[in-house]
Every structure is written in C-alpha cells, then in structure tokens.
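Engineer: The structure under discussion is supplied below as structure tokens; questions concerning it will follow.
The values are calculated or read from the model by the stated rules, or taken from the named source; none is laboratory data. Small disclaimer: the values here were computed from a predicted structure and weren't measured. Positions of Cβ are backbone-derived with ideal geometry, glycine not excepted, and every protein chain shown enters the neighbour counts. Surface areas here come from the heavy atoms of the whole protein model, side chains and all, with no ligands, DNA or RNA. Shrake-Rupley method; radii C 1.70, N 1.55, O 1.52, S 1.80 Å.
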Amino acid sequence: MALNKAMTIAGSDTSGGAGMEADLKTFTAMGVYGMTALTVIVAQNPLNWDHEMYPIGLDVVEKQIKTIVEGIKYGLKNVVIDPVMVCKGIDSIMVPDAAAAIKELLVSRADVITPNTLEAAYLAGMDKVETLDEIKEAAARIQQLGAGYVVIKSGSRNSSGEAVDVLYDGKDYVVNTEKKIPNCFNHGAGCTFSAAITAGLAKGLSVKDALAEAKEFITVALKNSFRLNQFSGATDHCKWHK
Ligand code: PXL
C-alpha cells in the first residue's frame with residue numbers, strides 16, 4: 001500500500017511536547033510519513049519557562065510549503081487547522097495579528113478545525129465559551145465562517161472533572177464527555193490531538209473515525225504523560241499501538 005503522507009505547518013517547540021515535534025512524533029506513531037514547514041522557533045527560558053518566539057521569514061515558510069506542494073504532494077487533501085492562539089497557562093491571545101489572520105484566511109479552508117474554548121470564543125466573536133450551550137453556539141458560528149467540521153475541545157480550561165469535546169458538522173452535534181485523566185501533564189495535548197486527526201485522515205479514515213482514533217491516541221498519550229521539569233510535563237507520543 002502507498003505510504004500515507006502528511007505535512008504540518010507549525011512552530012517548533014524546543015521542549016519537544018507540542019508544535020511540530022508533537023505532530024511528527026504522532027504521525028510516526030500512527031504510521032504516517034511526516035513533512036514540515038516551520039513557521040517559528042519557540043525556545044523556553046530555562047529560568048522561568050517563558051516562551052520566547054523566533055519567527056521564520058514568510059519567504060522561507062513559503063519555500064518550504066512549495067517544496068512539498070509542488071515537489072512531492074501536489075493536490076493537498078484534508079486540511080486540519082489547529083488555530084493555536086494560546087498555550088496552556090496563558091489566557092489571552094498571544095499574537096493578535098496572527099489570530100486575526102487565522103480567522104480571516106484559514107478558517108474557511110479547514111476541513112476540520114480544532115479550537116479550544118478560548119480560541120473558539122475568539123473565532124466565534126463571543127465573550128466566553130464555557131457552558132455546553134455556549135460551546136454549541138460557538139461551533140455553529142465557526143462553521144458559518146466556512147469550516148467543514150468544527151471540534152471544540154473543553155478540557156484543560158474548564159474547572160469540572162470532565163473533558164467535553166463537541167463535534168459539529170453543520171447539521172448535528174456529537175458531544176463526547178469523559179472523565180478527566182487525573183494527575184496528568186498536558187503540554188502539547190492539543191497539538192497531538194489535531195496531529196492524530198490529520199494522520200487518521202491521511203490514512204483514509206472518515207472524519208468521525210479519525211476523531212475516534214485521535215481521542216484514543218491522546219488518551220493513551222495523556223495517561224503516560226511525564227514531568228519534563230518543575231514547569232512542564234508532556235504527553236507521551238510513543239505509547240499508542242493499533
Ligand atoms: O501547545 C501550543 C503550542 C503550539 N506550538 C508550539 C508551541 C506550543 C506551546 O508551547 O511551543 C511551537
């Protein structure tokens with residue numbers, strides 16, 4: 001069978017748990033060949049773990065995408081957008097211009113988009129997205145912007161003991177409620193989840209099946225998460241086996 005391929009356009013998380021590193025590890029663990037276009041290098045200050053961002057020039061980002069689109073992959077299929085605007089522990093949009101560009105230029109191109117509740121509130125133009133009704137309302141609004149399937153993740157930013165994910169396809173809502181995994185480290189969990197959806201789609205799964213497999217993948221990764229240092233701990237991308 002032909003090797004399934006996926007490209008990630010993402011930042012590098014030097015600490016290895018999130019960003020492009022999470023995407024590539026997840027692709028590999030799921031049997032998908034990964035390719036990359038690097039947008040920013042994130043280095044963590046060793047003294048306080050502040051995230052320091054070193055953007056890559058737009059021309060270089062373009063060249064990388066061209067390498068893949070014009071040199072290897074031609075027609076791209078299955079665009080999954082994880083609209084990263086915040087990192088865990090941060091509650092305001094980190095780069096407002098980039099968030100505006102995601103909303104204006106990328107949302108309508110997404111076959112699947114995976115915002116957390118803060119990102120969903122921004123994209124939907126709502127003050128807050130916390131209750132199930134608000135999550136559903138935000139999903140409908142984001143779908144109206146032109147996204148295919150909207151998956152809103154409400155785990156790390158709600159104070160209940162449950163992680164609630166809502167999938168909306170423009171017609172029906174599927175609400176997935178699970179007990180939060182106790183005492184886990186979740187740095188990179190969002191990146192890993194969207195990379196696992198991407199890998200599933202690259203293997204030819206339907207969106208619903210890719211989501212179910214991605215949920216399994218992130219659950220195993222979270223259950224095996226580990227401490228990196230006094231500031232952070234990451235999910236383990238190596239433990240899931242089909
Ligand atoms: O988890 C969000 C995220 C995405 N991408 C990069 C990151 C982070 C968080 O640290 O560094 C590159």
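Engineer: How much of the accessible area of the chain, in percent, comes from carbon and sulfur atoms when a 1.4 Å probe is used? Don't skip to the answer; put the middle values down first.
Structural biologist: On the way: 6770 of 12460 Å².
Its accessible area is 54 percent carbon and sulfur atoms.
Engineer: Same structure, new question: Hey, rough spin-label estimate for Lys179 and Asn229, points 7 angstrom out along Cα→Cβ, what's it come to in nanometres?
Structural biologist: So the two model labels end up 3.4 nm from each other.
Engineer: Too long at a 24 Å Cα-Cα cut-off: which of Lys88/Lys208; Lys171/Lys242; Lys136/Lys208; Lys25/Lys128; Lys25/Lys171? Show your work: numbers first, answer last.
Structural biologist: Details: Lys88/Lys208 26 Å; Lys171/Lys242 31 Å; Lys136/Lys208 17 Å; Lys25/Lys128 33 Å; Lys25/Lys171 34 Å.
From the list (Lys88/Lys208; Lys171/Lys242; Lys136/Lys208; Lys25/Lys128; Lys25/Lys171), the Cα-Cα distance tops 24 Å for Lys88/Lys208; Lys171/Lys242; Lys25/Lys128; Lys25/Lys171.
Engineer: For Cα pairs less than 8 Å apart in space and 6+ apart in sequence, what is the mean separation divided by the residue count of the chain, i.e. the relative contact order in percent?
Structural biologist: Working: 457 pairs, mean separation 44.5, N = 242.
Computed value for the chain: 18 percent relative contact order.
Engineer: From the cross-link list Lys73/Lys180; Lys180/Lys203; Lys63/Lys180; Lys77/Lys215; Lys153/Lys203, which pairs have alpha carbons spaced over 32 Å apart?
Structural biologist: Details: Lys73/Lys180 38 Å; Lys180/Lys203 28 Å; Lys63/Lys180 41 Å; Lys77/Lys215 21 Å; Lys153/Lys203 23 Å.
The answer is Lys73/Lys180; Lys63/Lys180.
Engineer: Can you tell me the dipole magnitude for the range 126-225 around its Cα centre, using point charges on the Cβ only (Lys, Arg +1; Asp, Glu -1), in Debye to the nearest 20? Don't skip to the answer; put the middle values down first.
Structural biologist: Numbers: 12 positive and 13 negative charges, 51 e Å.
Taking the Cα centre of the range 126-225 as origin, the dipole is about 240 debye.
Engineer: Follow-up question, since we're still on this one. What are the ³J(HN,Hα) values, in whole Hz, obtained from phi via the Karplus relation 6.51 cos²θ - 1.76 cosθ + 1.60 with θ = phi - 60°, for each residue of the range 159-174 in sequence order, with x given for Gly and Pro?
Structural biologist: Using θ = phi - 60°, the values come out as 8, 7, x, 10, 9, 10, 10, 10, 10, 10, 10, x, 10, 10, 9, 10 Hz.
Engineer: Only loop residues by DSSP count here, and only those with at most 12 other Cβ atoms within 10 Å; note down the chymotrypsin sites (Phe, Trp or Tyr not before Pro) in the range 1-70 that meet that.
Structural biologist: Values: sites: Phe27, Tyr33, Trp49; in loops: Trp49.
Listed in order of number, the matching sites amount to none.
Engineer: Once you put a point 7 Å from the Cα of Glu52 and another 7 Å from the Cα of Ala2, both along the Cβ direction, what distance in nm separates them?
Structural biologist: 4.4
Engineer: Here's another thing I want to ask about it. Ignoring ligands, DNA and RNA, what accessible area per residue does the chain give at 1.4 Å, in Å²?
Structural biologist: Values: 12460 Å² over 242 residues.
That works out to 52 Å² per residue.
Engineer: In deg cm²/dmol and to the nearest 500, what is the mean residue ellipticity at 222 nm of the chain if only DSSP H runs of at least 4 residues count, each as -39500 (n - 2.57), divided by the residue total?
Structural biologist: Numbers: 7 runs with 80 residues, N = 242.
Value at 222 nm, helices only: -10000 deg cm²/dmol.
Engineer: Assigning unit charges at the beta carbon (Lys, Arg +1; Asp, Glu -1) and nothing else, what dipole magnitude in debye, to the nearest 20, does the chain show about its Cα centre?
Structural biologist: On the way: 24 positive and 28 negative charges, 143 e Å.
Once rounded to the nearest 20, the dipole reads 680 debye.
Engineer: Given Cα pairs under 8 Å that are at least 6 residues apart, what percent is the relative contact order of the range 115-227? Don't skip to the answer; put the middle values down first.
Structural biologist: Working: 154 pairs, mean separation 19.5, N = 113.
Contact order relative to length: 17 percent.
Engineer: Using 7 Å Cα-to-Cβ label points, what is the Thr28/Cys87 separation (nm, one decimal)?
Structural biologist: 2.2
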